[in-house]
1. Among the residues of the range B:97-107, is there at least one that is in a helix (DSSP H, G or I) and away from chain C (no Cβ under 14 Å)?
2. In the range A:187-196, what residues are within 10 Å of the chain's Cα centre (by Cα) and surrounded by fewer than 24 Cβ atoms within 10 Å (Cβ to Cβ)?
3. Looking for something modelled with pLDDT of 90 or more, within 17 Å of residue C:184 (Cα to Cα) and in contact with a strand residue (DSSP E or B) (Cβ under 9 Å, 6 or more places away or on another chain) - is there at least one such residue anywhere in the range C:26-39?
4. Has the range A:150-162 got at least one residue that is surrounded by fewer than 24 Cβ atoms within 10 Å (Cβ to Cβ), modelled with pLDDT of 95 or more, within 26 Å of residue A:99 (Cα to Cα) and in contact with a helix residue (DSSP H, G or I) (Cβ under 6 Å, 6 or more places away or on another chain)?
5. Scan the range C:112-133 and give yes if some residue there is surrounded by fewer than 24 Cβ atoms within 10 Å (Cβ to Cβ) and without any contact (Cβ under 8 Å) to a residue 40 or more places away in the chain, otherwise no.
6. With the structure loaded, tell me whether residue D:49 is away from chain A (no Cβ under 14 Å), in contact with a strand residue (DSSP E or B) (Cβ under 9 Å, 6 or more places away or on another chain) and modelled with pLDDT of 95 or more or whether it fails that test.
7. Quick check: is even one residue across the range B:193-200 part of a loop (DSSP other than H, G, I, E, B), touching a helix residue (DSSP H, G or I) at 6+ places or on another chain (Cβ under 6 Å) and farther than 17 Å from residue B:116 by Cβ?
8. If you take the residues in the range A:62-88 that are under 16 Å from the mean Cα position of the chain (by Cα) and under 21 Å from residue A:223 (Cβ atoms), which one is nearest to the other protein chains (Cβ to nearest Cβ)?
């Protein structure tokens, strides 16, 4: 199925659910082929990313992070359904972009893995995806106040942070979970070319060109949201980075991501 | 005494206190029979629930959690009067629904155990009860702002979160403690068929069909309250889950409770 | 000097400073006699109180806690000038009510020890005193909003929480420190018969009939302040405990202080 | 070059960048001479300062602290580009006041080291400099609300806390980083004779006569900002220290800095 077809907006939940059912049945009948084993260092980084996001308060018992398979852009790697803080290398599974597991071996998958598969499909530039319930971010997803870049560490937010409303996407009430390919596609469409989208009454999705960058963005989306709420509470007008500043700052700060990554990694793996 | 009688609303504190005194004297004279030893795994879960609630900031030196005895719906299990973080299997006592200890052996009981006994009596569906002073929840118990489901993790709040005012229940000033069967019944009546009730100037009571579910609800009542306060502080209108979304989300998320439970349990017991 | 004389309000800072100088010179010349060694269990409790207050976030590198000497109401025990978290039994010194050290042996005393001496003099019922910069409490000391009992754990605040303004007491600008007997007396006068007074632009003083109670009050003054600020931020009117409820609740909760004390003690001493 | 020339305000970024380039080329060609090894105890203090600032939440993966070389006021010591929490004695490098490394040996320098060099040049009284993204401080840098001394621990803020707007200093949009000598000079000029300046959309710079004092100021700038925001949120007018009180309090509290320093040092180095 060509990407343009796939990217079509599936409004009817019923249709989406049926498609999901069919996809699952197909997957059952015949698992997709593996792209082969990934570099153990990448698996280690994916495990570290899970633990860092927990350690930094971006995920709790819920949330997930994935990485695109370096050997095949049609595959991605993500833990089985497990609290991120408990993930080890043995829990990492391989999925195709329909989010069918290559080798489930009885392991349970996250219900919302379609977030990952559909964003990898829609965004060839994306190599890593985080879905979280980042606490300071959630209020911005249910408010009319927009999340904006308060300081240089949040510069990547400058292109605007859209809010995905699943009720609009599905054409009616859902259980709030992105549990079908159609809903995944709708979320990817809301995200567009940006690094972050909020999910109303749910959480956020954050994407990036690597695990260190997506973790950096997850952490500083949380911090920026917290500081922005505090700045707004001071009462006066708030000065945000202008677009030019944000573009330049993002480019500069982007070159320093290895610094916090090494710190976070060491701390998270020491626990 | 038939349940309908018991559920009668005892307005006079004096009457309630007298009834409590008589009940205590009866208990003294003749302790209720035991339903027999409970499964050690359930006792372990009850100990874990105590520690998790402390670890997650839902209880501090105060608060308690109980579980209905699996062998006899007229009995429940709860620690002796002790900070939840310090509870071990040896501290677990058995009570009848009048909240008389089966085998006190000189151990002190929580003053407010009637919360548990009377809810188990009024709600056959309830298998586990938490009473806490959950910090972010307390402000909603003394405010005109209602606690509402801000995101899918708090979907169980959708049926409304009533506030129990002990002064109204008792017909005058009390020491704020649910220290009589009559006050326990009044609280159970305010709770009705819901999972959570706030207690004005005091805390909350949370109920559920199992220990993992009641702990989950205790933790996410706290988180939802914190995030709701933050969302309200952003200034604009706040979009809550609608009833249909909440009903569906609760049903879906309910199936995933084992995920955080395993994480919380491992962390809490490791301390 | 009779207590009525001592309790006279010394408005002039200069006079106070002179009196303090004279007192110090006297102390230099002749240290007061010791009331004898205190029970090692009491010293252990005083060390524990120091560590608990740090562990619970009521004090940081600053703040102090003292206990009246059980053998002589004219003596009190307190650490040398040291961060509370680092205090050990060897750091405990003995003072008379003029806050002269019985046996300094070159050890430095807290500049503000007069808070303790003058409150012990003015309040025979007080056996333990805490001075802290409790973070959530400080905003109430510089605001027109009064600290009030939000829930039963803060019931002891019901008699009103006065704010000591050192500029008024001294009749002009000071360095904000209660560094003279005269300022100590002025603070004791503001405190009156109550358990807590705020100090504008500085912190608070908390008193009680024992170390567990004064620690309990220090911790729950902080928690009550934090929750009250959150309740006020929700926007509507806030319902506080009424005086009758607070009086009854304080009496009941007072009987349970051993429960958190044992928890806090165990945790604080384990670090 | 005489200080008056150096202090000239370089408005054009292009000019600044060119100057920086030239400076770097000179540095490349010929590294400045070393002032000789510093006292190992001072290096230990600098390592401790890094860790304390992380431990107290003033810096995260970013931020830096330096100390002027005791043997040569034209040199300063600072870690290579590394998260402060990870800094060890082996990471400390020596710089001249143009922020050229004396002996880089392939080690990467912080991009914003010019903050340090230019402040040491402009302020002979300054012996230690911190640059941080202190979380509670950042909202005041993007708000019209001024940071003011709420309590005696923040008395050093009394002379006013200026906000450095890099866009004004550079005459147009930048990447928000003080990455040139010209921008460092502009920041030093905004700071003037004060101990703290905020940086709009970025963080703060804090200076002092020693490492313990600059760390104390960094920590209590954060605490004062947090408490001030809370006091403002209570709704009424807030009473700040008046200038006379602040001057006296700063002088008194300044004599006690060793107390928290010993505590912080012990805790930070124990991790």
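1. Within the range B:97-107, none of the residues are in a helix (DSSP H, G or I) and away from chain C (no Cβ under 14 Å).
2. A:195
3. no
4. yes
5. no
6. Considered against the rule, which asks whether it is away from chain A (no Cβ under 14 Å), in contact with a strand residue (DSSP E or B) (Cβ under 9 Å, 6 or more places away or on another chain) and modelled with pLDDT of 95 or more, residue D:49 comes out as yes.
7. Looking through the range B:193-200, at least one residue is part of a loop (DSSP other than H, G, I, E, B), touching a helix residue (DSSP H, G or I) at 6+ places or on another chain (Cβ under 6 Å) and farther than 17 Å from residue B:116 by Cβ.
8. If we take residues in the range A:62-88 being under 16 Å from the mean Cα position of the chain (by Cα) and under 21 Å from residue A:223 (Cβ atoms), then A:62 is nearest to the other protein chains (Cβ to nearest Cβ).
The values are calculated or read from the model by the stated rules, or taken from the named source; none is laboratory data. Every value quoted in this text rests on a predicted model; they were computed, and no experiment measured them. Using ideal geometry, Cβ is built from the backbone for each residue, glycine included, and neighbour counts are taken over all protein chains shown.
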